[in-house]
Amino acid sequence: MKNIIISLDSANKRRQHIENEFGKHHLRYEFFDALRPEQEAQYAKSLNLEDTSDLTPTELACMMSHVAVWEKIIAEQLDYVAIFEDDVFLGEDATELLTQTNWIQPDWHIIKIEAFSKKAYLSSKTYEVIPNKRKLAILEGKNLGAAGYILSLQGAKLFLDFILKQPAKPVDKMIFDEFIAAQIEPVYQMLPALCEQEKILKKKQDNNSEVTLPSALSSERKLRRKQEKKKGFSKLQLEASRLIRNTKKHLLAKKIVFK
């Protein structure tokens, strides 16, 4: 298994975090220099990517960095690659699962190993990975976040083909929401999840915990959501719809924990 961490070449604190975190688990990895906003537009144009105007510069740079990794997998004909962002923490069994691939069945092409949403819609059928410790279920609804997932060579081809045919949106929405909804290929969720971003982990532990690895992407997304916020009757409709979705999710979705 090759482990690739997407990271800006100037993100010294985040890279030190990865060195410490992956070092604890005796894992080999390589950094992939994330694209900067000034680079992404030309790269997107070279791929004839659909309209990208709805994305902030940082969102587009993030998306194109993931796309570049998928292209690397395809170009180098890599069998399996675990792709991470540079603020993740790893759980138990990381050494075993991220050094070997013999636990991956031939038809498991996309495996999300990150905990992001508290709950998600999952298949009732599960697939054992480590007896009595870890298993996989098929995601039957969105589970955002793109900080930790495993792709086979075929999985990389599927993601790349899908994303190049769609209007551009944040990469996690495209691959862990719209791709799932399109039912092109099963997307598996590891249970318990093997990794989690610092901001999610600290939010669960203590609301007052300081995030030591802040993200420009999070700030831009918050600003965009504020600008897109509905008003008047549209806001009431949106809130009513959100309440129904949340109630349904609370009753039917299954918890995803990080361990």
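The values are calculated or read from the model by the stated rules, or taken from the named source; none is laboratory data. Computed from a predicted model, the values in this text were never measured in an experiment. Reconstructed Cβ throughout: ideal geometry from the backbone, glycine too, with neighbour counts over all protein chains shown. Side chains included, ligands, DNA and RNA excluded: accessible areas come from the protein's heavy atoms. Shrake-Rupley method; radii C 1.70, N 1.55, O 1.52, S 1.80 Å.
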Inset, instruction - For I184, work out the one condition from (1) over 15 Å from the mean Cα position of the chain (by Cα); (2) open to solvent by 30 Å² or more (accessible area, probe 1.4 Å); (3) at pLDDT below 95; (4) among the hydrophobic types (A, V, I, L, M, F, W, C) it doesn't fulfil. - result: (3)
Inset, instruction - Kindly indicate which of L151, L164 is surrounded by fewer than 22 Cβ atoms within 10 Å (Cβ to Cβ), of a type outside the set (G, A, S) and either touching a residue at least 40 places away in the same chain (Cβ under 8 Å) or in contact with a Gly (Cβ under 7 Å, 6 or more places away or on another chain) (or both). - result: L164
Inset, instruction - Inspect all residues belonging to segment 113-133 and state whether any of them is hydrophobic (A, V, I, L, M, F, W, C), open to solvent by less than 10 Å² (accessible area, probe 1.4 Å), modelled with pLDDT of 95 or more and more than 26 Å from T56 (Cβ to Cβ). - result: yes
Inset, instruction - Can you give me the number of residues within segment 15-30 that are open to solvent by less than 50 Å² (accessible area, probe 1.4 Å) and not in a helix (DSSP H, G or I)? - result: 2
Inset, instruction - Please go through segment 31-78 and pick out each residue that is aliphatic (A, V, I, L, M) and assigned to a loop (DSSP other than H, G, I, E, B). - result: A34, L35, L47, L49, L55, L78
Legend entry - Selection from segment 31-86 of residues that are open to solvent by 50 Å² or more (accessible area, probe 1.4 Å), in contact (Cβ under 8 Å) with a residue 40 or more places away in the chain and under 15 Å from L164 (Cβ atoms): N48, E50, D51, E71
